[in-house]
Every structure is written in structure tokens, then in C-alpha cells.
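The values are calculated or read from the model by the stated rules, or taken from the named source; none is laboratory data. It should be emphasised that the depicted structure is a prediction, and the values quoted were computed from it without experimental measurement. Heads up, the Cβs are rebuilt from the backbone with ideal geometry, glycines too, and the neighbour counts pull from every protein chain shown.
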């Protein structure tokens, strides 16, 4: 009789433990799903257009000389070109690519979009000098526009505009890192785990 009671008790305890284990696994799965949803929502919130703006000015003197009669005669045209340009460096983070591994609790950033640089120059001409034999043409304006953009691109590279834009990008990505660390998840990029120190070297 006692033996039967012990067997019943063992069965009841086993069933109870199995039930509790299933409940624990269910709660754990629910927690993982909630964490995944929260991370996806955070990435969605980060996935916006990060724009850094700058302004550049410069003065260019354009010259062109046409020669005739074996270079005996020449006709020059020239103009002072004043350029004011608005420049934006933008990261469209809606294009960020990532994977979520719920088993290892790892967020893997697969691709960070390249910066998009937009130059909007306002070009004005002053002190225009030309002759009938060497007038300004559309080709001259195209050359000036190309020269202006090339000059501005060099200025942008030497300025702090791109680094400022990168700092803003890192600031946005840090929000993902903070969230993953808080929940005990890992953030990886290029096969390496990202932390508060290495996040500045993502780009």
C-alpha cells in the first residue's frame, strides 16, 4: 500500500515539474518574442534619414583665350564667378540590413548604407568680358559648373562635415547597442561583436 502511494506521489511530482518546465519554456519564448519585437521597433525608429548640413563659398576667375592667325591674334573672355553652395551629407538608415538570431540572441548588422552627398551650388557671374570672336557659350558654363563641383568636393573632404555626419550616424546606431546590451543580447558587424568602444570604428 505504501509502495503504491509512493509511486502515485512520484508521478504527481513528475507531472508537476514537467508542467512547470513547460510553463518556464513558454515564458522564456514569450520573453524572447517580446525582446525581438522591441529590437525591431528600435531599429525601425533609428531607420530614418540622418542629415548634416553645411555651407561653402568661394570665388573663381574663369579665363579662356582663342588664338587666330598662327597665334598672332588672340581674343580672351573671362568672368568672376561667385559660388555659394548648400551641402548635405545624409545616411538613409531605412536601408540598413540586419539579421536577428533569437536562439543566440544576436543582432547582426549586414550592411550600413553609404553616405549620400548632395551639392546645391548657387553660381553668379560678375565682370564678364568677352568679344564677338570669343563669346561665352553653354560649353563654358558646363566647364565652370564641373570645376565648381570638383572644387567643392575637395573642400568637403577637408572639412568636418563628413565626420560630423558619421558621428550622428554612430549616435543613432548606439541606441541599438544600448538596447541590446540592456536585454543581454549581442550586436555584431563584420564578424565581430560591437561594444561601446568599437562602435566608432563601424564605418
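Restricting to region 184-203, name every residue that is part of a strand (DSSP E or B) and surrounded by fewer than 15 Cβ atoms within 10 Å (Cβ to Cβ). 192, 193, listed by residue number. Would you check if residue 105 is surrounded by 14 or more Cβ atoms within 10 Å (Cβ to Cβ), over 19 Å from the mean Cα position of the chain (by Cα), at pLDDT 75 or above and farther than 30 Å from residue 126 by Cβ? In short, yes.
Could you go through region 115-124 and let me know if any residue there is touching a residue at least 12 places away in the same chain (Cβ under 8 Å) and part of a helix (DSSP H, G or I). Scanning region 115-124 turns up no residue that is touching a residue at least 12 places away in the same chain (Cβ under 8 Å) and part of a helix (DSSP H, G or I). Counting residues in region 169-183 that are loosely packed, with under 14 Cβ neighbours inside 10 Å, touching a strand residue (DSSP E or B) at 6+ places or on another chain (Cβ under 6 Å) and free of Cβ contacts under 8 Å to residues at least 12 places away in the same chain gives zero. Within region 125-145, residues that are touching a residue at least 24 places away in the same chain (Cβ under 8 Å) and on the phi > 0 side of the Ramachandran plot have Cβ atoms under 8 Å from residues that are surrounded by 12 or more Cβ atoms within 10 Å (Cβ to Cβ) and part of a strand (DSSP E or B) in these pairs: 127/78; 127/79; 127/80, counting only partners at least 6 apart in sequence or on another chain. When every residue of region 103-112 is checked against the conditions, none turns out to be free of Cβ contacts under 8 Å to residues at least 24 places away in the same chain, more than 29 Å from residue 34 (Cβ to Cβ) and part of a loop (DSSP other than H, G, I, E, B).
Run down 33, 72, 100, 60 and say which single residue is within 21 Å of the chain's Cα centre (by Cα) and modelled with pLDDT under 90.
Details: 33 fails: within 21 Å of the chain's Cα centre (by Cα); 72 fails: within 21 Å of the chain's Cα centre (by Cα); 60 fails: within 21 Å of the chain's Cα centre (by Cα).
Checking each option against the conditions leaves just 100.
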